[in-house]
Each structure stands twice: as C-alpha cells, then as structure tokens.
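Shown next, in structure tokens, is the structure this report addresses.
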C-alpha cells in the first residue's frame, strides 16, 4: 500500500483539524476530517487577574477561548506544549514558556519557575487530568491554582469514514468518543494516540493503539510513517 493511498481519519475539532490536514497532505497522506468533538467557547466572568502570578494553558482551545474574554496579555504564560505556546504567542501574550510535554511536564515547569504564588488555568469543562495533583508530585512550593472553565468539548455523532487506514487521536476525550464506535469498526486500522491516556479507552476494547513517543503532533504523525506501509488496506 502506498502512502498516497493511505486515508487518515482526523478526529480532532476545528481549528486544529485544518492544521493537521495540511501536515498530512505534505506527508503524502489523504486526510479525512470527521471530528468526534466540537468545541464551544464559554463566557464566564474573568476574575481579577491581580492576584495571579501567571496563566497556565493546557490546550490551544484554552488559549483561544480565554483570549476572547479579555484583552489582558501581560501575565506570563506557561503552556503545556509547543503548539499551545505558539497559539499563546499568536494571541499576543508576550512572555510564553513551553513545557514541551504533557500535564506532568507543565507542572514541573511551573514548579521550577515560581513559588508562593497563584496561577490561573483557563481550561475545558472536563479537564484532561488533575493539575493540582501534578503540581504536588512536581514538588511545587506553595503554588495554588484556580481553574476557569472557558470551553466545552461536546461529542459529535460523526460516523466513521469508509474506508480509512488510520485514526489520529489527539486527546483522552477523543479516545473515549472513538471507543464508542466499537471494536469491529476500528480493528483494521492504525490507532495513533498522542498519549497513554488517549489510548486507554481503545486498549480497554482489546485493540492495540500505538502511542506517540512524546505528547505532540509531530511524534503522533511519525507513527503513520512507521506503520501504514506495513498494514493491509482497509476493507
């Protein structure tokens, strides 16, 4: 099977899906966008930012939703990964640091940078993990967090495209939504997951997802280069 015939199902929501489409086409794959999640920005009141030493973003969606709520761009930003850091930079935040990893890496970055301070975390209604626990494990010194729910990820009723050779799973929520499609729908495909948490719902079905070596899209897409040429075409 040639790379040009390999059809890759993109499950992430827009606007991220469009960026993934461009990368897949550059790699010679045929992208199919059928998001399992839709992002709805929320409009909570933004608290007084004076008590906070920094902002922490765990996703690109968090950056976009929070930036729409306030013109303030002066607080330092800690971002979970490079793509989220780039989104914060593009939104006008002047002081942005990337953990280049996952929630644990973000907690370690914050623990090493500040102490005796409060951090505001604009995030999803259903967070991907326990940030407070991650900070404790990272040895943070009296760093408190206050979450601000700025967006909601809503599961869609998107059907699996036909045919497809691989699926990209960018988040634990997407992994949960994909698992609801059932074992038989997915058994033939490469299931490329950005993290162990994203892979867990699929492994629970008896499937064998492949986890990226690091929790970023570049590593996720590397899975396709090393697996698709070794699979039988989807039927």
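The values are calculated or read from the model by the stated rules, or taken from the named source; none is laboratory data. Treat the numbers as computed from the prediction; the structure is a model and nothing was measured. Ideal geometry is used to build each Cβ from the backbone, glycine not excepted, and the neighbour counts take in all protein chains shown.
The condition of being within 21 Å of residue 15 (Cα to Cα) and either in contact with a helix residue (DSSP H, G or I) (Cβ under 7 Å, 6 or more places away or on another chain) or touching a residue at least 40 places away in the same chain (Cβ under 8 Å) (or both) holds for only one of 122, 47, that being 122. With a requirement of 1 or more residues that are closer than 16 Å to residue 148 by Cβ, the helices (runs of 4 or more DSSP H) lying completely within segment 9-96 that satisfy it span 60-67, 82-90. The set of residues in segment 57-66 being farther than 18 Å from residue 171 by Cα and either at pLDDT below 95 or in contact with a helix residue (DSSP H, G or I) (Cβ under 8 Å, 6 or more places away or on another chain) (or both) is empty. From the set of residues in segment 130-143 that are in contact with a strand residue (DSSP E or B) (Cβ under 9 Å, 6 or more places away or on another chain) and in a helix (DSSP H, G or I), which is surrounded by the most Cβ atoms within 10 Å (Cβ to Cβ)? Looking at residues that are in contact with a strand residue (DSSP E or B) (Cβ under 9 Å, 6 or more places away or on another chain) and in a helix (DSSP H, G or I), I get 135. If you filter segment 4-19 down to residues that are buried (at least 21 other Cβ atoms within 10 Å of the Cβ) and at pLDDT 90 or above, you find that the one that is nearest to the chain's Cα centre (by Cα) is 12. Here residue 183 meets each of (1) surrounded by fewer than 23 Cβ atoms within 10 Å (Cβ to Cβ); (2) in contact with a helix residue (DSSP H, G or I) (Cβ under 8 Å, 6 or more places away or on another chain); (3) touching a residue at least 24 places away in the same chain (Cβ under 8 Å) with one exception, condition (2). Number of residues in segment 79-104 that are in contact with a helix residue (DSSP H, G or I) (Cβ under 9 Å, 6 or more places away or on another chain) and farther than 21 Å from residue 216 by Cβ: the value is 1. Criterion applied to 127, 122 was being assigned by TED's automatic domain parsing to the domain that holds residue 45, touching a strand residue (DSSP E or B) at 6+ places or on another chain (Cβ under 9 Å) and assigned to a strand (DSSP E or B), and the one residue passing it is 122. When restricted to residues that are surrounded by fewer than 17 Cβ atoms within 10 Å (Cβ to Cβ), out of contact with any strand residue (DSSP E or B) (no Cβ under 9 Å at 6 or more places or on another chain) and at pLDDT 95 or above, segment 204-221 contains 2. Here is the figure for segment 190-203: residues that are in a helix (DSSP H, G or I), buried (at least 19 other Cβ atoms within 10 Å of the Cβ) and modelled with pLDDT of 95 or more total 3. Confirm whether residue 107 is out of contact with any helix residue (DSSP H, G or I) (no Cβ under 6 Å at 6 or more places or on another chain), outside the structural domain of residue 224 (by TED's automatic domain parsing) and either part of a loop (DSSP other than H, G, I, E, B) or more than 30 Å from residue 33 (Cα to Cα) (or both). Judged against the criteria, residue 107 is not a match.
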